[in-house]
Amino acid sequence: MEYLKIMLLSMVPFTELRGAIPIGIAMDLNPIGVYIVSVIGSTIVSVPLVLTFRHILHFLKTKQIFAKLVIKIDKKVNSGIKRLKNVSIVGIILFIGIPLPTTGTWTASAVASILKMRIKDTLLGALLGNMLSGIIVSAISLHLI
């Protein structure tokens, strides 16, 4: 039951994986189990987030006050879409993988929505990024770094 709490904490935007791992380790749970459930929780939330952010962007296009801004962003993205597609997965991995404030799955999912990344590419980038971030945060929490 405690691992389920850690998984749910890793899905919440304020704690995400970066907060869930230290909390789980502070609760004297198995660090490997904490790492695994945190990575799973933080990764599976990326798919519904991308879909939700896409709907939000579509909704904003229909509102006159935001339409100009969203259309301008779309034009910029569409003009450089081929270059962005090649580096987008690596960008998501590094964006999530380096554990800094506001660089988690929630923000990366918003970026992936704006860049119109495929769901499977976003999921792969989120998984690998969360694995990297989880290793770093676990090592710091266990005083290895």
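The values are calculated or read from the model by the stated rules, or taken from the named source; none is laboratory data. All values reported here derive from a predicted model rather than from experimental measurement. Note that we place each Cβ from the backbone using ideal geometry, even for glycine, and neighbour counts take in every protein chain shown.
What to note about this one:
- Evaluation of Ile98 against (1) out of contact with any Pro (no Cβ under 9 Å at 6 or more places or on another chain); (2) crowded, with 16+ Cβ neighbours inside 10 Å; (3) of a type in the set (Val, Ile, Thr) (one fails), failing number: (2)
- Residue match in region 124-145 (condition: at pLDDT 90 or above and over 17 Å from Ile36 (Cα atoms)): yes
- Across region 12-25, the qualifying residues are those that are within 13 Å of Ile36 (Cα to Cα) and hydrophobic (A, V, I, L, M, F, W, C), and the one among them that is nearest to the chain's Cα centre (by Cα) is Leu17.
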